[in-house]
Amino acid sequence: MATITEKILLEKGSPKTTKLEEIKTLNLSKLRLKSSDLPVSLLSRLRSLERWDLSGNLLQELPKNLELPELRFLDLSDNQMEDVTSMASLPSLEEVKMEDNIYITVSDNYKLITLLPKLRCYNGKDITSNANHLRFVFTENLRARMIALWERSYSLPDSATADKMAALEDDFVNAARKQVKYGPSSVSDFTKWKVEILAREYLRSLTEPKEDVSDTTNEVLTPAKRKQTLPLTNSSLRLTPRKKARVDPAAEDGPGKLRLCPKRRATADAVLAGPATKPHFPLTPTRRVPAKKDGVGEDLTPPRIAAANGAMSGPKEATSDDVTQPLCLQPLHVLQCHSKQDNAEDFSTQLWACAFQPQPDYAESRLVATCGGDSLCVIDCETGMVMKKYKVTGEEFFSLAWSTVLMSRGGGAAAQPCSILAAGGKRGLVKLIHPRCNLAYGEFRASRRALSVLRFSHRQGNFLFTGCYDNKIVLWDIGGLDSKYSYKVVQLLALESSSTPLHLCLPPSGPDTKLLAACEDGLHCYDARLAPSGATKRSKEVEVTFPVYEKEDKDLDYHTVDGVSFLTDDIVASKNFMHDRIYLWSWSRTRSQRPNKRGCVRAVVLAELRWACTEVPYLALNTCPARSYVVCGDNEGKLWTYHVADLLKDNFQSGKPIEPTEVLEWPAPVRKGRGQVEGPSINSVAMDPNLRYLVALSDKNMVMVWKSK
């Protein structure tokens, strides 16, 4: 649907008139409208509009600052609404319909009631009694508890400078959000949202006594990020896989900040922040939303991503000149968002896996998921904000993967694509998470031992491979979802391995007939086709060997392949533990060989990239095919980047080890009074499809975001 025009409004409005200002009823239902299709300046001319039907569209929110002073009735049924705070600009609303908006939570309903002081009918039901209780009794209870916290623990500084007041406000608001509790847990997100508004109002009343501090129902402020520990289904298993360990003390303290020391290209400060802290950079306010609880799920600790950030315009398509030119990458943010108990001195939690949210048609992806310790975070790379956080006490997450499945909406409506996350770790459980709706909607047991790696098929989004510490690779069909988050998981295939699988790769082109598994004892290739006969178990077809194996002796074993990724449809990048090279080799030419008596074929190596000399395992590499980049971190916090466009163009004719295009130095963040944080081991890296952002995870609880200039 094109953007709404004056002509369309006059055609769809009633009574028939030539002036927008005279329209009283407007029907824009079933036009497949998105939020961007509703122009604020044009719609705000509907000064007499009383009833507006927007049902059956694709709206995620209403435009901000929309002024319709006479609007009494609004129908938003059967949309994709996920935020209600923008409706605060419509205070005259008396009746609202929001049925069949699957992303709207109980907390959203509470927010709507407090934002619209005249609302008396919601989804066809009279809510007057409940609304009055919420607007007055509930709110006053929150206000009293918030004031009690202030009087118990806080006071105004003697010299109330702007900096001191800003620091005091942040501290008090964060404390109030964590400590002020009232009402059922299902509306805890609303409680925190409302407490923040009340806390800021109260501080203003102390410094500006004449200001009215009554409940301002139309005010919308940006809450801080959620911090919450969630329960997990009981399990007697406490198996810790053979991941490398560090011994670093963790003090009991709140989240803090680090700043970046200028080093190399670091031209601006960034933040090592707990989820409640803000970067030093000026940021566009980010909207937060409620956690949702369901019978089969657990709460996510959101905030939800908002259009308040501005439109996420897609990246420019990479031209041939772009691909052939190396990128200039600069450090943007360092975040400490996986800390145990929000402890700013936690430098021992290891972070293991990260992946960007896939977008259709290579649109810009700035959301990256990271996991480590007992939490999983979704981070906006541009702002450095932790948009969602999912936490499970006692878990240790080792892997995650994004996919898109179909979600049915019922009533004969077409199923919609739904972006989900799968995450797993030491408990052997796969958690299925719908980040957009802030819901962990299910889980299933993939193994009695820990999960080492998860990988979705990029051609069949409901097919999930899991690699486990019981030396098995299992293919699951996790199915789709319905509007009640019902789902079904079926095991399709079990592949036997002789050691722990560390990484799984599917060739990017062609059907999913082969699977590459980088394991502790080598790189194995499997037949991943589903057998018509129903046979579900099989062993590896062949092992891929590398030239470095010839250098092995009783003290050196290079068989562990701890990094593998496709660079093109045919070229694979891989590295072997303790070897200071990254191999680029041909998948088709290697696979076309006849296996020897041991079932091995030798990798047809096209080039060797010089890498760090280290004995630290599990430092995974990654590739960006669209930009012809290979990136791998080392044990000193450095990122080794290789732009191989020229090598691809010349068909790897150099014959010499290839030097890195650039080694990005660790940006050396510092904590006030504590000095620099030395370079950690970089366990994992991820790049969005056009390498706008590069994310690195460390074994010292730090997420590093780099941005191309």
> Looking only at the range 416-426, which residues are touching a Lys or Arg at 6+ places or on another chain (Cβ under 7 Å) and surrounded by fewer than 17 Cβ atoms within 10 Å (Cβ to Cβ)?
Replying inline: Q416
>> For the range 623-637, give me each residue that is closer than 18 Å to Q350 by Cβ and part of a loop (DSSP other than H, G, I, E, B).
In response: D634, N635, E636, G637
> Does any residue in the range 99-122 that is more than 16 Å from C437 (Cα to Cα) and hydrophobic (A, V, I, L, M, F, W, C) come within less than 6 Å, Cβ to Cβ, of a residue that is open to solvent by 30 Å² or more (accessible area, probe 1.4 Å) and at pLDDT 90 or above six or more places away or on a different chain, and which pairs are these?
Replying inline: C121/E95
> Can you pull out the residues in the range 639-692 that are modelled with pLDDT under 80 and among the small types (G, A, S)?
Replying inline: S654, G655, G673, G675
> Quick one: what pairs do we get from the range 683-696, first residue within 11 Å of E364 (Cβ to Cβ), second among the basic types (K, R) and part of a strand (DSSP E or B), C-beta under 7 Å, 6+ apart or different chains?
Replying inline: R692/K707; Y693/K707
>> Can you report the number of residues in the range 119-134 which are closer than 20 Å to S185 by Cα and part of a loop (DSSP other than H, G, I, E, B)?
In response: 0
> Looking only at residues in the range 17-30 that are over 23 Å from M98 (Cα atoms) and out of contact with any helix residue (DSSP H, G or I) (no Cβ under 8 Å at 6 or more places or on another chain), which one is surrounded by the fewest Cβ atoms within 10 Å (Cβ to Cβ)?
Replying inline: E21
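Results for (1) of a type in the set (V, I, T); (2) out of contact with any Gly (no Cβ under 6 Å at 6 or more places or on another chain); (3) assigned to a loop (DSSP other than H, G, I, E, B), shown as yes or no for each residue.
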position: V430; (1), (2), (3): yes, no, no
position: S447; (1), (2), (3): no, no, yes
position: R455; (1), (2), (3): no, yes, no
position: H458; (1), (2), (3): no, yes, yes
position: G467; (1), (2), (3): no, yes, no
position: G479; (1), (2), (3): no, yes, yes
position: L493; (1), (2), (3): no, yes, no
position: S499; (1), (2), (3): no, yes, yes
position: H503; (1), (2), (3): no, yes, no
> For the subset of the range 318-364 comprising residues that are modelled with pLDDT under 85 and under 22 Å from S419 (Cβ atoms), which member is farthest from the chain's Cα centre (by Cα)?
Replying inline: D361
> Of all residues in the range 678-693, which are more than 13 Å from A355 (Cβ to Cβ) and crowded, with 23+ Cβ neighbours inside 10 Å?
Replying inline: P680, I682, N683, L691
>> Any residue that is among the β-branched types (V, I, T), open to solvent by less than 60 Å² (accessible area, probe 1.4 Å) and not in a helix (DSSP H, G or I) - is there at least one of those in the range 6-13?
In response: no
>> Let me spell it out: the conditions are (1) closer than 30 Å to G679 by Cα; (2) out of contact with any Pro (no Cβ under 7 Å at 6 or more places or on another chain), and P360 meets all of them except one. Which number is the exception?
In response: (1)
>> Anything in the range 442-462 that is surrounded by fewer than 22 Cβ atoms within 10 Å (Cβ to Cβ) and either of a type in the set (F, W, Y) or under 22 Å from Q359 (Cβ atoms) (or both)? List them, or say none.
In response: F444, S457, H458, R459, Q460, G461, N462
> Is it the case that some residue within the range 615-622 is in a loop (DSSP other than H, G, I, E, B), more than 18 Å from P326 (Cβ to Cβ) and over 32 Å from the mean Cα position of the chain (by Cα)?
Replying inline: no
> Of all residues in the range 484-533 being open to solvent by 30 Å² or more (accessible area, probe 1.4 Å) and touching a His at 6+ places or on another chain (Cβ under 9 Å), which is farthest from L464 (Cα to Cα)?
Replying inline: D521
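Working only within the range 361-380, note down all residues that are part of a loop (DSSP other than H, G, I, E, B), open to solvent by less than 20 Å² (accessible area, probe 1.4 Å) and within 21 Å of D699 (Cβ to Cβ).
If the condition is that a residue be part of a loop (DSSP other than H, G, I, E, B), open to solvent by less than 20 Å² (accessible area, probe 1.4 Å) and within 21 Å of D699 (Cβ to Cβ), then G373 is the only one that fits.
The values are calculated or read from the model by the stated rules, or taken from the named source; none is laboratory data. Worth saying up front: this structure is predicted, and the values here are computed from it rather than measured. For neighbour counting, all protein chains shown are included, and Cβ atoms are generated from backbone atoms with ideal geometry for every residue, glycine included. SASA here: full protein model, heavy atoms, side chains in, ligands and nucleic acids out. Shrake-Rupley method; radii C 1.70, N 1.55, O 1.52, S 1.80 Å.
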